[in-house]
Each structure stands twice: as C-alpha cells, then as structure tokens.
Amino acid sequence: MTRYSNHVKLLSLLSKVQHELPRTAPRSESPSLVPKVHKLERRLATEVLQQIVADYQAGRTSNQLMGDYTLGKGTVLRVLHDAGVIKKR
C-alpha cells in the first residue's frame with residue numbers, strides 16, 4: 001500500500017462535499033478600501049496630540065485616553081513621552 005492509495009475515495013468525497021456547499025459569488029476587492037496609515041503624525045493632527053497631553057495633565061488616566069481617542073496604550077504613552085510629560089503612578 002502506498003501513501004496515496006486512497007486518492008480515488010478522497011476525490012469522490014471531495015466532490016460530494018463541494019456539491020453540498022452553497023454556491024456563493026467570488027469575493028471581489030472593494031475599490032473603496034483605503035490603506036491604513038500607521039505613522040502617528042499622519043493619523044492624528046497636532047491639535048489632537050496636544051489635546052491628549054492636556055487631558056492627561058488635567059487628570060485623565062492613560063486608560064481613559066485610550067478609550068476617548070481609540071488608541072492603544074503604547075500609542076498614548078508614546079504621545080505623552082514625546083511631549084515630555086512625566087507619567088503619574
């Protein structure tokens with residue numbers, strides 16, 4: 001017996017499964033998709049970055065800023081670090 005001795009059975013099983021699957025239209029690429037911009041300076045305006053710093057200095061926590069601006073924790077901390085803000089403990 002060789003490794004692929006049952007390939008006829010597998011092919012018939014595959015064809016049965018394919019016939020039972022619902023027919024769907026092939027996926028097409030949506031032309032309206034815009035590539036994501038990862039660079040922070042391009043994603044957020046300078047005013048937004050300054051507002052994040054001001055909110056933090058006014059008493060908001062980094063977790064609250066994450067939710068407010070839909071940013072990751074590392075991004076919020078990087079904004080604060082780049083602005084020279086000393087982190088609260």
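Read-outs throughout are calculated quantities, based only on the coordinates presented, and are distinct from any laboratory measurement. These numbers were taken from a predicted model, which means no experiment stands behind them. Cβ placement follows ideal geometry from the backbone for every residue including glycine, while neighbour counts extend to all protein chains displayed.
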How much length, in nm to one decimal, is gained on full extension between residue 81 and residue 23, taken as 0.36 nm per residue of separation minus their Cα-Cα distance?
-> 15.6 nm
For the peptides 60-73, 37-50, what is the packing order when you average, over each peptide's residues, the other Cβ atoms within 10 Å and list the highest mean first?
-> 60-73, 37-50
Multiply the residue gap between residue 68 and residue 36 by 0.36 nm, knock off their C-alpha separation, and tell me the result in nm, one decimal place.
-> 9.5 nm
